[in-house]
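Worksheet: one structure, shown below.
The values are calculated or read from the model by the stated rules, or taken from the named source; none is laboratory data. What you see is a predicted model, and the numbers here were worked out from it, not measured in a lab. Every residue, glycine among them, receives a Cβ derived from its backbone with ideal geometry; neighbour counts consider all protein chains shown. What goes into the accessible areas is simple: the full protein's heavy atoms, side chains included, and nothing from ligands, DNA or RNA. Shrake-Rupley method; radii C 1.70, N 1.55, O 1.52, S 1.80 Å.
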Amino acid sequence: MAQVARDQHIAIYIVGGFVRDLLLDRPSLDFDIVVEGDAIALARALSSCYGGRITSHQRFGTAKWRMKDFGFLTSEFGLPADQTTIQNLKPEIDLISARTEFYTHPTALPTVERGSIKLDLHRRDFTINTLALRLDGRHYGDLYDYWGGLTDLRQGLVRVLHSISFVDDPTRMLRAVRFEQRFDFEIEDRTCQLLQEALPLIHRVSGDRLRHELNHILDEPCVCQMIERLAELRLLTAIHPDLTWDAWLCDRVAALPGQFPAPEWGFLAEQGWAAAKRELIYALWVVRLTPERASSVLTRLKVPRHQFDQILEAIALLNDIPRLVGAHPSEIVSRLDGMHPMARFTVYHTLAEEQSRNLIWIYVTRWAKITPTINGNDLQARGLPPGPVYRTILTALRNAWLDGEINTVEAECALLEKLITTSS
Ligand code: ATP
């Protein structure tokens, strides 16, 4: 890219997180490329030299360069093909024309205009994210630091660029905590004061945007520490008064497994564990609330409907647990059958008491798998006319197995005879 930009006499920079992380010795492959000029024209030039497809947004001056493979890095530039860096490169790179954004009113989507790299960097959240490395020609490797990012990086400070930064975009308050905790930095004093003043503005942020930022936090390794800090800064309760944090939650979140639990739990692996874990954390967050209060929090965060329903299912089950302890297995099974695996796992993870936990564990590992040896085909072979009676009989047989009323195939057949007689 540096080469093509040089040939085209276009200044290009790699900016933001990549530069910050490089200077912190945490190199990443998350490239954020800013072009001082026409990013779309540069993307086209790149694809005509090295292949790949371009998609662009004329209005925003942005382009995406998608590549099938990076073979040219080996053939043209002699990089070893087996280098893990090449293998881990994302198949697409975003190129952005330097732009200024201004907000017509707080929390609105920004209005976009073409601008210089300096102004482009000025629209960013914190000084540590305003560093740019120029890439084209003889400028390759020059560090541009217009907003004091390097000093703040060295001092470990998260600092906004101007006093209305949180007013422009209140989600930056959550981002400030994420960077502070991730790098073991501190939110600079004045920034912290501005954050406190801007707390009420959180009300104006949509649920989707809040959830998007919270999701990033839930994906971090030190999630508990981050949420604790959000709570300390009163950011959680600014989002919703019932969004609180305590040692109970911290223990539960910290104890979540690092990968999908045993297959018996029935999670669908396609979703990916990171996404499932996020759903679990939201569920744990509100599971001790009443359904009404939990719904209010979930509505504020605009949690998707399926997830919302799973959480309400978990709350209902949690409330039923005292009744289920000591109930017959068949009663427990009829309560747990058909529930979403996420709801069952949430309640299992919520319960501290061994006896109640075991109830779900035994269901998942044993009872859920118990079925009668007789099935619908057998009933049909017996000449029983198909209808709701099939379900009644098969459920009764299963319940009898579950509750230990029958233990042999002979006893099952005898019970079947009885059931057929009483049903006719
Ligand atoms: P991460 O390492 O978590 O990906 P990042 O710094 O790369 O962090 P992104 O969320 O990927 O963060 O955003 C890329 C860049 O865009 C950031 O470095 C930041 O400068 C800018 N940015 C993102 N969100 C905002 C925002 N709400 N306000 C201002 N600038 C933002």
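A few remarks follow.
- Number of residues in the range 121-156 that are open to solvent by 20 Å² or more (accessible area, probe 1.4 Å), under 27 Å from Leu42 (Cα atoms), away from the ligand (no atom under 12 Å from the Cβ) and charged (D, E, K, R) equals 4.
- Any hit, the range 39-52, residues being under 22 Å from Leu121 (Cβ atoms) and in contact with a Gly (Cβ under 7 Å, 6 or more places away or on another chain): yes
- Checking each residue in the range 313-341 for being within 21 Å of Cys250 (Cα to Cα) and surrounded by fewer than 17 Cβ atoms within 10 Å (Cβ to Cβ) picks out no residue at all.
- In summary, strands (runs of 3 or more DSSP E) completely within the range 1-97 and bearing 3 or more residues that are surrounded by 13 or more Cβ atoms within 10 Å (Cβ to Cβ) and touching a residue at least 24 places away in the same chain (Cβ under 8 Å) occur at 11-15, 33-36, 62-66, 92-97.
Each row is one residue, and each column tells you yes or no for (1) touching a residue at least 12 places away in the same chain (Cβ under 8 Å); (2) of a type in the set (Asp, Glu).
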{"residue": "Thr237", "(1), (2)": "no, no"}
{"residue": "Thr244", "(1), (2)": "yes, no"}
{"residue": "Pro263", "(1), (2)": "no, no"}
{"residue": "Glu270", "(1), (2)": "no, yes"}
{"residue": "Ala316", "(1), (2)": "yes, no"}
{"residue": "Ile321", "(1), (2)": "yes, no"}
{"residue": "Arg335", "(1), (2)": "yes, no"}
{"residue": "Met339", "(1), (2)": "yes, no"}
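- Boolean, Ile374 is surrounded by 13 or more Cβ atoms within 10 Å (Cβ to Cβ), of a type in the set (Val, Ile, Thr) and assigned to a helix (DSSP H, G or I): no
- Leading residue by the ranking (modelled with the highest pLDDT) among those in the range 106-117 that are more than 10 Å from the ligand (Cβ to nearest atom) and in contact with a strand residue (DSSP E or B) (Cβ under 8 Å, 6 or more places away or on another chain): Ile117
- Given (1) touching a residue at least 24 places away in the same chain (Cβ under 8 Å); (2) outside any loop (DSSP other than H, G, I, E, B); (3) not assigned by TED's automatic domain parsing to the domain that holds Phe267, index of the condition Ala396 fails: (1)
- All positions within the range 157-167 that are within 15 Å of the ligand (Cβ to nearest atom) and touching a Phe, Trp or Tyr at 6+ places or on another chain (Cβ under 7 Å): Val158, Arg159, Val160, Leu161
- Of all residues in the range 342-361 being open to solvent by 20 Å² or more (accessible area, probe 1.4 Å) and either in contact (Cβ under 8 Å) with a residue 12 or more places away in the chain or in contact with a helix residue (DSSP H, G or I) (Cβ under 8 Å, 6 or more places away or on another chain) (or both), the one that is farthest from Phe308 (Cα to Cα): Gln355
- Close pairs from the range 178-191: first in the same structural domain as Glu220 (by TED's automatic domain parsing), partner open to solvent by 60 Å² or more (accessible area, probe 1.4 Å) and part of a helix (DSSP H, G or I), Cβ under 9 Å, at least 6 apart: Arg178/His216; Gln181/Gln225; Gln181/Glu228; Phe185/Gln155; Glu186/Gln155; Glu188/Gln155
- Thr74 among the hydroxyl-bearing types (Ser, Thr, Tyr), away from the ligand (no atom under 13 Å from the Cβ) and under 30 Å from the mean Cα position of the chain (by Cα): no
- Output for the range 250-276, where each listed residue is farther than 26 Å from Arg366 by Cβ and among the charged types (D, E, K, R): Asp251, Glu270
- Every residue from the range 22-37 that is more than 15 Å from the ligand (Cβ to nearest atom) and modelled with pLDDT of 90 or more: Val35, Glu36
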